[in-house]
Amino acid sequence: MADYYDELFKLCGFEDEEIEEERTRIEKAFERLGIGPEDMETADSWVRQNHDVTLKGVRKLLGAWLKELIDLVLARDDGKKIVYFGFPAILGPGLMLSASSDDVFVCAPDMVLDHTMGQIFNKLTPILEAGEANGLPSGHALCSLWQAKIGGVALGMIPVPDLALASSYYCDMGSKADDLVTAQFGVPMAYIDGVMDSSWGEYPDYLPERVHYLGAQIDQALKKAEKVLDIEIVPDAWEKSQKDSRAFVNNLLRLLDLMRADPVPVSVAELELLEALSGSSTGRGIREGVKAMEILIPELEERVKAGTGAVEKGAPRVITWVGHCADPRVTRLVEDVGLAVPLTLTLAWVGGPPFKPKRTYATPGEKIADYELATGIFHGTDGVIKRFEMGAKVMKLDGFIMNYLYNCRPDALLSHNTKKYLEEKTGLPVLALEIDAFDSRAYSAASLRTKVETFAHMLKAKKKSAKE
Amino acid sequence: MKALEKLNLHLKTRLADLSKAKEQGRKIIGYPAGGYLPEELVLACDAIPVCFIQAGDNTILKDAGAYICRWFDPFWRSQIGYLTSGKDPYYTIADLIVTPITDNHTRAFSNTVGYYTPEIESFVFGVPHVKDEYALGYYLQGINRLKKKLEDFTGVEITESRLKQSIRLCNRERELFRQISLMRQSENFAVASKDFVALNHGSFIADKGVMVEILESFAKEVKDSAPLLKDGPRILFTGSTLARGDSKVMDIIEDTGGVVVMEEFAEGIRPYWGNVKLDGDLMANLAQSYFMDRVCPGWFRPGTERLDFLIKLAREYKAAGMIWYQLMYRESYKVESYFFPDILKKETGLNMLTLESEYDAMETGPMKTRIETFIETIRS
Amino acid sequence: MLVAGVDVGAATAKAVILGDSGILGYSIRPTGHNAKLAANKVTQEALEKAGLSISIDDLDYVVSTGYARGSIDLANKTFTEIICHAKGAHFVIPSTRFIIDMGGQDSKAIEVDPEGNVTNFIMNDKCAAGTGRFIEVMAQVLEVESVAEMGPLALQSKKPCCISSTCTVFAETEVVVLRAEGKDRKDLIAGVHRAVASRVAAMASSLTIRPDAVFTGGVAKNIGVRRFLEEKIGMELRVPEEPQIIGALGAALFAREGFKGDN
C-alpha cells in the first residue's frame, strides 16, 4: 500500500489509525479523482497557504471534508443508495433520509468537490472545464457550482445518483442542471418547489399558503424518495436528524461569543469550512465537523484569552455574505487588507432574534417550510437584506461587504439594492462586490483586491477620525 | 381597411384612449409578459389590461444598469429600464403593476418595482415551477388574492356574470388566434408569421373588443387570400422571449427565404391553445387553463412538457427545421438548448439552430451567417 | 524631502515628484510589458524633468498605486488608485466632492468628503466599452491619426450616431457598417463618445453626484467625452490641468505623509 498521502492526511487532521483504516478507500478514491504522488506537494503548500493549520480544529475540519469526499466517490462501491441535493438546500428532507437508513448517502456533491479538489488539492479547474463542456458553457453566467457537479459526473469522479432532490424553490439553474443529468443518465427527480413571491418589505411576514405549498412539496419529495430508494422514513427521523444539527447550532452560539473578541480569533476562511460543511453533508462530514468544532472552540478560547487572532486588534469589523468555496485566497482577501470578519450571515442567524413558529403546522414538511421562510434566505430578496440589517445589531460592525455571486440569479438580485438599503438603514458603508464564489478564474483575489483594499482604507480612515 | 392597418391605427391612438379612460375613472393594470395573468379578471372589474412587452433596443439597458447588474435576461432588464426611466409611456400610464412571479428574472423586475418605485401601486403573486395538485392550488390562491386586490383597487366587484362575459371575450380571442395559427399546418397558407406576431403583440396593448374584431377580419382575409408564395423551408421558431421591437431574427429568416410556420415563446406570444371553461367554478377554471393546461415555459421543472410539445408542433406543422432563439442569461433555456437538439433529432430527424441575444444591434451580422447557413442545409 | 508617487496602470505609467516646495516634476510613459521597469523608468524621467540628477534609489519615500502597485520594488507603501485619485483631486481642487476617473482599462466614480476621504465608490473593470480603450479602438477604425484629435472632432458633430453595442468588439463592427452606409465620420466619432459617456454616467449615477464633480484620468483630456458626460450627469465637470497624473499625485502626497510619519 502506498503512503505518499500520509503527511497530507495528517496535516488534514487524520490520526494514524484513521489513515490505516481508510487506506484502501483513500487509494480507490484517489484513482477515480486522478490524484497521485505528484499532487502532494502542491496540496501541502496550498493547504498551509490558505488555512491556519496551527489550529487542530481547522485540520480536523479539512479532514471532515476529505472523509465526505471519500464517502461520496465510493458511495456506489459501498452499496449506498445515493441522493444528491442542490445547494443551497432546505436540508431537512436530506437529513431525514439520511437518518432513516444507513444505506442512504445524501450530500451536495459539488460543494464537496469545491472544498476538497478546490481548497485542498487545487485541482478543480479540470472539473469545471468538464462541466463547461457538458452543458454549462462559460460566458453565460452559469453557476460554477453546478459546473462542478456536472463535470464530476461527466469525468466519472462521482457516481450517478439514484435520486436528485432538486431545490426548486430558490434558483432556476439547479433544477434545470439536474434535468440535464436526468436527460443524460435517467436519474429520477424529486423537485422541492416553492415560489419566492413575497412583496417587497413583507419579511418577516409570509402567507400561510407559502408554508402549505413548500411543505407539501417537501412531504411529496420525501414520499418519492421512499419509493425510489425503497426505504421507509422512520417516525423519529426528524428528531434523529436534529441531533447533529442541534449540536452544530449550539457550538455556533459559542463561536459567535468568541468572535466578539478583538482581535477576532480565527479567519473567516475557517468559518467558511465549517458553515459550508453543515449545508453540504448529512453523514460523516457533518458528524466529524461537529467533533472538529469541539476541538476548535477551546483553541479559540485560548486565543481570546491570550489576545491573539487572525487580524490586528482594532481592525475595522465587517460582515460578509459568503466565503469562497474553492479558493480561500478570495475569502482571505478581506483580512489581508486589514479587515476583521467577526460575523457571517450564518452566525448572524444564530445570534439574531430566535425563530418562533408562526402557527402549528401539521406535517414535517410544513414545519421545515415554516422555519425556512422565517430565516429569510428562501423568503425573498428583502428577507436576505433584512437579515444583514439584523446582523449589524447582533454585534457592532463598521461596515458590510455584500459579495454577490454574478452567476447565481437569486443572489445577483442583491447587486444594487442591498448597498442602497443597508447604507440608508444603518449608516454604515457597504461594498457591493461581484464575485464567483465557486470559481476564481474570472474573479480572482488579485482582480478583486483594488475594491476591497479601497473599502478597507475607507473604514480605517473613518475609524481613525472617529477616535480623534 | 385591412385588419393590420386597423390594428396599427388603433395602436397609434391607444395611449390617448387610455388617458381618456383614466379620466373617466377606469384603472389601467399593467403587467409584464409571461401569460400568467388572467386578463379576464382585469376586464371583469372594468379595468384595462396592458402588457409590458416592449424590448429589443439595448440602449435602455444602460438605464437598467443603475438598478441591477448585467447578468439578467435583457428583456427583464429592459423592463427595469423602462419602468425606472419613464421612457415607456405604458409604464407611466399604469395605475397598478401586477407581476406574476415566474422565475428569478421576473423577480429582478418585481424587486425593482417594490423597492425603487414604491410610489407605484404593485401586487405580486407566484407561479409555481412544477405541475401538480399543490402547485395548481397555489396558483389558484394567488389569482384569488389578485381578484380581491383588483376589486379593492377598482371598487368594482368581479361578479360571476362579469367574469363569464370577460372569459367569453378572451376565449374568442384565443379561438381566433388558434384558428389563424392552424391555417399554417397546410402546405399553402396566407398567414405571414410577422403578421401573426404583430397581431399577438398588438393584442397585448389593444382594446380587447377591438382586437377580437380585428382578428375576425384578419381570419376572413387570410382565409380568402391566395396563399403566400413561399417555397423556403418551414421553420418552427421557438425560444424564451419574442418582444415587440425585437424583430431582427424574424427579418433575417424572411430575407433568407425561411418560412416561419409556428412561434412558441412563453413571453411574447399569447397562449392560445385552449379555452377557459364556462361552467362550474370560474376561478378554478381560470387556474386550470392558465396554469395546468397551458404548455409550460422553459423554466418549469421539468421542461419536458414543452419539449414534447415542440416535437408535436414540428410534426403537425411539417417543420423542416427549428430555430431556438433565446436571450442571454436565461439559464433554463440555455441548459435545455444543450440537450434538446439530440432529442429533437432522434424523434423527428430535424436539426435545430440555437441563437442568443443581448439585444445588441451588431449581433445581426453573426446571426445572419448562422441562419443563412442553417436554411441552406435544411433546404437541401 | 524628495518623495515620489508612481501610478502603474495597464496602459500608462505615471510618476510625480514632490519636494518641500510642491510638485517638482512628473512624467507619463506607456507601461509596456514590464510594470517594474516602467515604474523605474517613469520615476527617473520625472526626476529628470524636475531638473534633479539623483537616482530613484535616493528618493526619501515612494508610494505606488495602480493595478501593478504590488509589484513595484521601488515602493515603500501602496494605496489603491481609488484612494490616490481622491487624494490627488482634492489636493488640486479642494472643493472636490465627486470624481469620475476614466483610464485605459477601467473607470471609477468616487464620492469624497470635504477632507478628501473616500466615502463611497464604484468601479467597473469588467468591460472595455466604458474606458479609454474604446476610444482608442474607434480612433483606429475611423482612421483618426491621433487619439487626441477624437474629442474635438466629436464636438463638430450636430447629429451623433447611435452606437448601441455593449461590446467593444461588436461596436467596432457597428461603426464600420455605419460608415459603409455613408454616415458622417464626425457623427460616428460623436456617437462613440456619447456611448462611452453614457456607460460611465450610468455607473456613476448609482452614487450621489455632488458638485464639485471632477474628471480625472487620461480620458479627461478628451473634450468630447467630457461634454457628453456633463450632459448625462447634468453637472459641470472640472478637469485638473494634468488629469492623467492625479493618481500619481495622490500617491506622492501619501509618500510625503509616509516620510513625515517616519521622521
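The values are calculated or read from the model by the stated rules, or taken from the named source; none is laboratory data. It should be emphasised that the depicted structure is a prediction, and the values quoted were computed from it without experimental measurement. Every residue, glycine among them, receives a Cβ derived from its backbone with ideal geometry; neighbour counts consider all protein chains shown. Just the protein is used for accessible areas: all its heavy atoms, side chains included, with ligands, DNA and RNA removed. Shrake-Rupley method; radii C 1.70, N 1.55, O 1.52, S 1.80 Å.
Every residue, every condition in (1) basic (Lys, Arg); (2) assigned to a helix (DSSP H, G or I); (3) more than 14 Å from every other protein chain (Cβ to nearest Cβ); (4) under 14 Å from the mean Cα position of the chain (by Cα), yes or no:
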position	(1), (2), (3), (4)
B:LEU15	no, yes, yes, no
B:LEU18	no, yes, yes, no
B:ARG26	yes, no, yes, no
B:GLY34	no, no, no, yes
B:VAL42	no, yes, yes, no
B:ASP46	no, no, yes, no
B:ASP57	no, no, no, no
B:LYS62	yes, yes, no, no
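Of all the numbered requirements in (1) farther than 15 Å from A:MET117 by Cα; (2) part of a helix (DSSP H, G or I); (3) of a type in the set (Asp, Glu), A:ASP52 misses one, and that requirement is (2). Across the range A:209-217, not a single residue is classified as assigned to a loop (DSSP other than H, G, I, E, B), open to solvent by less than 70 Å² (accessible area, probe 1.4 Å) and facing chain B (nearest Cβ under 9 Å).
Filtering the range B:65-83 for residues that are away from chain A (no Cβ under 14 Å) and open to solvent by 20 Å² or more (accessible area, probe 1.4 Å) leaves a non-empty set. Of all residues assigned to the range B:88-106, at least one qualifies as being part of a helix (DSSP H, G or I), at the interface with chain A (Cβ under 8 Å from one of its Cβ atoms) and at pLDDT 95 or above.
Selection of first residues in the range A:141-159 that are in contact (Cβ under 8 Å) with a residue 24 or more places away in the chain and within 18 Å of B:PHE339 (Cα to Cα) and of second residues that are aromatic (Phe, Trp, Tyr) and surrounded by fewer than 24 Cβ atoms within 10 Å (Cβ to Cβ), restricted to Cβ pairs under 8 Å at least 6 apart or on distinct chains, gives the following pairs, ordered by first then second residue: A:VAL153/A:PHE185. The residues of the range A:34-43 that are in a helix (DSSP H, G or I) and open to solvent by less than 40 Å² (accessible area, probe 1.4 Å), listed by number, are A:ASP39, A:MET40, A:ALA43. Scanning the range A:1-33 for residues that are surrounded by 15 or more Cβ atoms within 10 Å (Cβ to Cβ) and assigned to a loop (DSSP other than H, G, I, E, B) gives A:TYR5, A:CYS12, A:GLY13, A:PHE14. Confirm whether B:SER166 is farther than 24 Å from B:VAL98 by Cα and either open to solvent by 40 Å² or more (accessible area, probe 1.4 Å) or small (Gly, Ala, Ser) (or both). No, not satisfied.
When C:VAL169 is tested against (1) without any contact (Cβ under 8 Å) to a residue 24 or more places away in the chain; (2) under 23 Å from the mean Cα position of the chain (by Cα); (3) more than 10 Å from chain B (Cβ to nearest Cβ), only condition (3) is not met.
Here is a yes/no grid of residues against (1) assigned to a loop (DSSP other than H, G, I, E, B); (2) farther than 17 Å from A:TYR206 by Cα; (3) at pLDDT 95 or above; (4) at the interface with chain A (Cβ under 8 Å from one of its Cβ atoms):
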{"residue": "B:ASN111", "(1), (2), (3), (4)": "no, no, yes, yes"}
{"residue": "B:TYR115", "(1), (2), (3), (4)": "no, yes, yes, yes"}
{"residue": "B:PHE123", "(1), (2), (3), (4)": "no, no, yes, yes"}
{"residue": "B:LYS131", "(1), (2), (3), (4)": "yes, yes, yes, no"}
{"residue": "B:TYR134", "(1), (2), (3), (4)": "no, yes, yes, yes"}
{"residue": "B:TYR138", "(1), (2), (3), (4)": "no, no, yes, yes"}
{"residue": "B:GLN141", "(1), (2), (3), (4)": "no, no, yes, yes"}
{"residue": "B:LYS147", "(1), (2), (3), (4)": "no, yes, yes, no"}
{"residue": "B:PHE153", "(1), (2), (3), (4)": "no, yes, yes, no"}
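Can you confirm whether the range B:306-327 contains a residue that is modelled with pLDDT of 95 or more, of a type in the set (Lys, Arg), open to solvent by less than 60 Å² (accessible area, probe 1.4 Å) and assigned to a helix (DSSP H, G or I)? Yes; the residues of the range B:306-327 include at least one that is modelled with pLDDT of 95 or more, of a type in the set (Lys, Arg), open to solvent by less than 60 Å² (accessible area, probe 1.4 Å) and assigned to a helix (DSSP H, G or I). Quick check on the range B:325-343. Is at least one of its residues within 14 Å of chain C (Cβ to nearest Cβ), touching a strand residue (DSSP E or B) at 6+ places or on another chain (Cβ under 7 Å) and within 22 Å of B:GLU267 (Cα to Cα)? Yes, because at least one residue in the range B:325-343 is within 14 Å of chain C (Cβ to nearest Cβ), touching a strand residue (DSSP E or B) at 6+ places or on another chain (Cβ under 7 Å) and within 22 Å of B:GLU267 (Cα to Cα). For the range A:312-362, a residue qualifies if it is of a type in the set (Asp, Glu) and assigned to a loop (DSSP other than H, G, I, E, B), and the qualifying residues are A:GLU312, A:ASP327.
Flag not set for A:LEU448, criterion: farther than 26 Å from A:GLY174 by Cα and either within 14 Å of chain B (Cβ to nearest Cβ) or crowded, with 24+ Cβ neighbours inside 10 Å (or both).
Find all pairs meeting these conditions: Cβ atoms under 6 angstrom apart; at least six residues apart or on different chains; first residue within the range C:45-72 and more than 16 Å from C:ILE23 (Cα to Cα); second residue open to solvent by 20 Å² or more (accessible area, probe 1.4 Å) and of a type in the set (D, E, K, R). Within 6 Å, the pairs are C:SER71/C:LYS36. Taking residues in the range A:167-187 that are within 18 Å of B:HIS129 (Cα to Cα), and partners anywhere that are open to solvent by 10 Å² or more (accessible area, probe 1.4 Å) and of a type in the set (Asp, Glu), not one pair has Cβ atoms closer than 7 Å while being at least 6 places apart or on different chains.
Answer yes or no: is there a residue in the range B:54-73 that is closer than 29 Å to C:LEU207 by Cβ, modelled with pLDDT of 95 or more and in contact with a Leu (Cβ under 6 Å, 6 or more places away or on another chain). The answer is yes, given that some residue of the range B:54-73 is closer than 29 Å to C:LEU207 by Cβ, modelled with pLDDT of 95 or more and in contact with a Leu (Cβ under 6 Å, 6 or more places away or on another chain).
Report yes if B:ASP17 is surrounded by fewer than 22 Cβ atoms within 10 Å (Cβ to Cβ) and under 30 Å from B:ASN144 (Cβ atoms), otherwise no. No; evaluated as a whole, the condition is false for this residue. In this structure, A:THR426 does not satisfy being hydroxyl-bearing (Ser, Thr, Tyr) and open to solvent by less than 30 Å² (accessible area, probe 1.4 Å). Quick one: which of A:LEU431, A:LEU414 is in contact with a helix residue (DSSP H, G or I) (Cβ under 7 Å, 6 or more places away or on another chain), buried (at least 23 other Cβ atoms within 10 Å of the Cβ) and within 13 Å of chain B (Cβ to nearest Cβ)? Result of the check over A:LEU431, A:LEU414: A:LEU414.
Look at the range B:203-222: where a residue is at pLDDT 95 or above and a partner is of a type in the set (A, V, I, L, M, F, W, C) and in a loop (DSSP other than H, G, I, E, B), sitting 6+ places away or on another chain with Cβ atoms under 6 Å, you get B:PHE204/B:ILE53.
This table checks each residue for (1) under 13 Å from the mean Cα position of the chain (by Cα); (2) buried (at least 20 other Cβ atoms within 10 Å of the Cβ); (3) within 14 Å of chain A (Cβ to nearest Cβ).
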| site | (1), (2), (3) |
| --- | --- |
| B:GLU263 | yes, yes, no |
| B:GLU267 | yes, yes, no |
| B:ASN275 | no, no, no |
| B:LEU278 | no, no, no |
| B:ALA287 | no, yes, yes |
| B:PHE291 | no, yes, yes |
| B:ARG294 | yes, no, no |
| B:TRP299 | no, yes, yes |
| B:GLY303 | no, yes, yes |
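Would you point out the residue of the range C:40-70, among those that are of a type in the set (Gly, Ala, Ser) and closer than 19 Å to C:GLY258 by Cα, that is modelled with the lowest pLDDT? Ranking the candidates gives C:GLY70 first. Those helices (runs of 4 or more DSSP H) of the range A:72-186 in which at least 2 residues are within 14 Å of another protein chain (Cβ to nearest Cβ) and under 18 Å from the mean Cα position of the chain (by Cα), considering only elements entirely within it, cover A:144-154, A:172-185. Scan the range A:223-242 and give yes if some residue there is hydrophobic (A, V, I, L, M, F, W, C), farther than 30 Å from A:ASN122 by Cβ, within 14 Å of chain B (Cβ to nearest Cβ) and not in a loop (DSSP other than H, G, I, E, B), otherwise no. Taking every residue of the range A:223-242 in turn, none turns out to be hydrophobic (A, V, I, L, M, F, W, C), farther than 30 Å from A:ASN122 by Cβ, within 14 Å of chain B (Cβ to nearest Cβ) and not in a loop (DSSP other than H, G, I, E, B).
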